[in-house]
Amino acid sequence: MSAFKVRIPDFEGPLDLLLFFIKRDELDIYNIPIAYITQEFLSYIRVMQMLDLELAGEFIVMAATLMQVKARMLLPRVESEEGEEEFDPRAELTQRLLEYKRYKESAEELQKLELEQRDRYFRRLFKYDVRKVKQQDDEDVMQDVTMYQLIKAFQKAMVSIPKKTVHEVRSIPWNIEEQGHWLMSHFGERPAYNFLEVMQHMKEKVQVVVTFIALLELIRAHRVRVEIRAQFNDFELIRTETTEDIAPPMEDHAGTRNADTA
């Protein structure tokens, strides 16, 4: 024996349910069989109650309205003195259904248009886009670097240095002043040079730390400034002092000091 299945469709409200009955049974919306519609509506409510589904208050109100209209339809109609029949009790319900039907059809049409527009791709102004991107590239090639970006560059230099598992206590062969001279010596005749390219030649993390502190001292003294290329995340050291102020290059190209001359 097959299991008994009950399928309860979802409706947005009581009017939506009434329209469903009218469309399903091909009823005349202008001549609603109120007794039949009321029976179908109440049957739907009873099924929902059996399934322990929460009923909205508007469904209960509509059920009461249908029963009231049904009761008025059972009463004998009395003609007025002018010979006109009494107002049809279904007229107000019919008007509400017609109005709701128009709104629902309009909503379905708008949804259909939305789906059609979703699948369309409009050609953009290609020349304008290219001109706009080129203008941004020209204006944003260089921009002032923030302290956060500078710290990130320092972190990148630290990560590139291989870790050593052997620890030893020894004197540090670098100091801030000498590393500052070493940084300035790399300018030579150039107004700027790549900061990360210089840092990547260092083999010791202590050397990177001392050199980074020396760079901060040079920035604080307004001897250099740092700029970054936005699209490459590439740092440039820019000289802000004259050539006469630059100290002569150190003998060791990596900023180290010979232990024999210390």
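The values are calculated or read from the model by the stated rules, or taken from the named source; none is laboratory data. Being a predicted model, the structure only gives us computed values, none of them experimental. Using ideal geometry, Cβ is built from the backbone for each residue, glycine included, and neighbour counts are taken over all protein chains shown.
The table below gives the values:
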{"item": "Number of the exception - Ala35 against (1) within 47 Å of the chain's Cα centre (by Cα); (2) modelled with pLDDT of 85 or more; (3) exposed (fewer than 15 other Cβ atoms within 10 Å of the Cβ)", "result": "(1)"}
{"item": "Selected residue (criterion: surrounded by the fewest Cβ atoms within 10 Å (Cβ to Cβ)) from residues of region 191-222 that are assigned to a loop (DSSP other than H, G, I, E, B) and modelled with pLDDT under 85", "result": "His201"}
{"item": "The lone exception for Arg229 - which of (1) modelled with pLDDT of 85 or more; (2) farther than 26 Å from Ser171 by Cβ it fails", "result": "(1)"}
